[in-house]
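Read the figures in this text as sums done on the coordinates, not as results from a lab. Just so it is clear, the model here is predicted, and its values are computed rather than measured. Neighbour counts run over all protein chains shown; Cβ positions are idealised from the backbone, glycine included.
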Ligand SMILES: [Zn+2]
């Protein structure tokens, strides 16, 4: 009798215990909802459009890129969360948890946690700047101008609307691809090392210590008199200390001070001048990438660049670490989208020492 009761109670409690899990609603990932930005696993873009956002939980099977977009493409490259960059061959994308991984045909992992895919990417990369600077430092003087947060779409819009009278005349201008994550630390590191984040160790705002030598070491070894002119704060640890510029005039930007320091460095006969203007980024965050305020700031930087270049006798290279996209209350960057990932890349032959 007792035994029967115990068995009955046992069975009853099993039934009771199983009720909550039966009535539990299906977890979110079994119930695809409208895309919520925090659920985006990977963006598919080209250099002028954000094509598609992919959520991991909507992808049940392994898929190829051509299965999920209509756009035609010749080449495509994928970037991962640590700044990996790989051209897509005949591999597969697979959802694992909240991430999407990319494997080759045999299932070998190529990129874990793909952040984005760019179809028909531009030929140039901001990492090219390193090789360009290295080559020309062997022959003569090099001036590098970093325009923080200056996307290619802003450059194009500024030209179309008359805000870039000097830079628009420079015909050696192309699109270049930034790196993931498109933030200053990672973009700057890619420019000064010529390597992707996965190789130089700087893939977000959190890292400051490069795993490899930078262009400042190259210049030092060549016996070049070099200066690195920064805004009000150091960004990465580099072989030469940056010369910091505080906002002495109190206008909210350090670009007028950086401009002055750059002009003084040119007078002091430096062979390699690396100068970092932050104002376009600051204005983009505050007012938006294509706002009147930002366009007027871009116009001011254009006059700074014209003055600087007119005094420089050597090669000039101008690019950006990343771009900027619009948000509800201004602008931001750090996402795999064309506004953040594609930047202008401009070469100017200053003076005549290379002719
Ligand atoms: Zn920024």
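Subtract the Cα-Cα distance of residue 221 and residue 75 from 0.36 nm times their separation in residues, and report this length gain in nm to one decimal. Could you put the intermediate results ahead of the total?
On the way: separation 146, 0.36 × 146 = 52.56 nm, distance 3.79 nm.
Residue separation times 0.36 nm, minus the Cα-Cα distance, leaves 48.8 nm.
Return the whole-Å distance between the Cα centroid of segment 95-129 and the Cα centroid of segment 165-202.
For segment 95-129 versus segment 165-202, the Cα centre distance is 18 Å.
Quick one: helix 128-139 against the long Cα principal axis of the chain, what's the angle to the nearest 10°, folded into 0 to 90?
That works out to roughly 30 degrees.
Viscosity 1.002 mPa s, temperature 20 °C: Stokes-Einstein D of segment 124-350 from its Kirkwood Cα radius, in µm² per second?
Values: Rh = 17.1 Å.
For these conditions, the coefficient is 125 µm²/s.
Extension gain residue 213-residue 313, at 0.36 nm per residue separation less the Cα-Cα distance, in nm? Mind dumping the intermediate values first?
Values: separation 100, 0.36 × 100 = 36.00 nm, distance 2.66 nm.
Fully extending the segment from residue 213 to residue 313 adds 33.3 nm.
Once both axes come from the Cα atoms, what is the angle between helix 255-267 and the longest principal axis of the chain, in degrees from 0 to 90, rounded to 10?
40
So how tilted is helix 184-193 from the main axis of the chain? Cα-based, degrees 0 to 90, rounded to 10.
Roughly 60 degrees between the two axes.
Among bridges DSSP assigns within segment 37-119, what percent are antiparallel (round to 5)? Before the final figure, lay out the partial values.
Numbers: 21 of 24 bridges.
Given both bridge residues lie in segment 37-119, the antiparallel proportion sits at roughly 90 percent.
Quick one: of the DSSP bridges fully inside the chain, what percent are antiparallel, nearest 5? Intermediate results must be reported in sequence, preceding the final value.
Working: 35 of 57 bridges.
Bridges in the chain that DSSP calls antiparallel: roughly 60 percent.
Give the dimensionless ratio obtained when the Cα radius of gyration of segment 193-260 is divided by 2.2 N^0.38 Å.
On the way: Rg = 14.0 Å, N = 68, 2.2 N^0.38 = 10.9 Å.
Relative to the 2.2 N^0.38 Å estimate, segment 193-260 comes out at 1.28.
Mean separation of Cα pairs under 8 Å and 6+ residues apart, divided by the residue count of the chain: what relative contact order is that in percent? Present the calculation step by step, with values, prior to reporting the outcome.
On the way: 769 pairs, mean separation 70.0, N = 355.
Averaging sequence separation for qualifying contacts and normalising by length gives 20 percent for the chain.
Take the Cβ-Cβ distance between residue 232 and residue 87 as r, set R0 to 45 Å, and report the resulting FRET efficiency rounded to the nearest 0.05. Walk me through the intermediate numbers first.
On the way: r = 39 Å, r/R0 = 0.87.
Efficiency, from the Cβ-Cβ distance: 0.70.
Could you give the radius of gyration (one decimal) and Dmax (whole number) of the Cα atoms in segment 37-119, in Å?
Reported Rg and Dmax, both Å: 11.5, 33.
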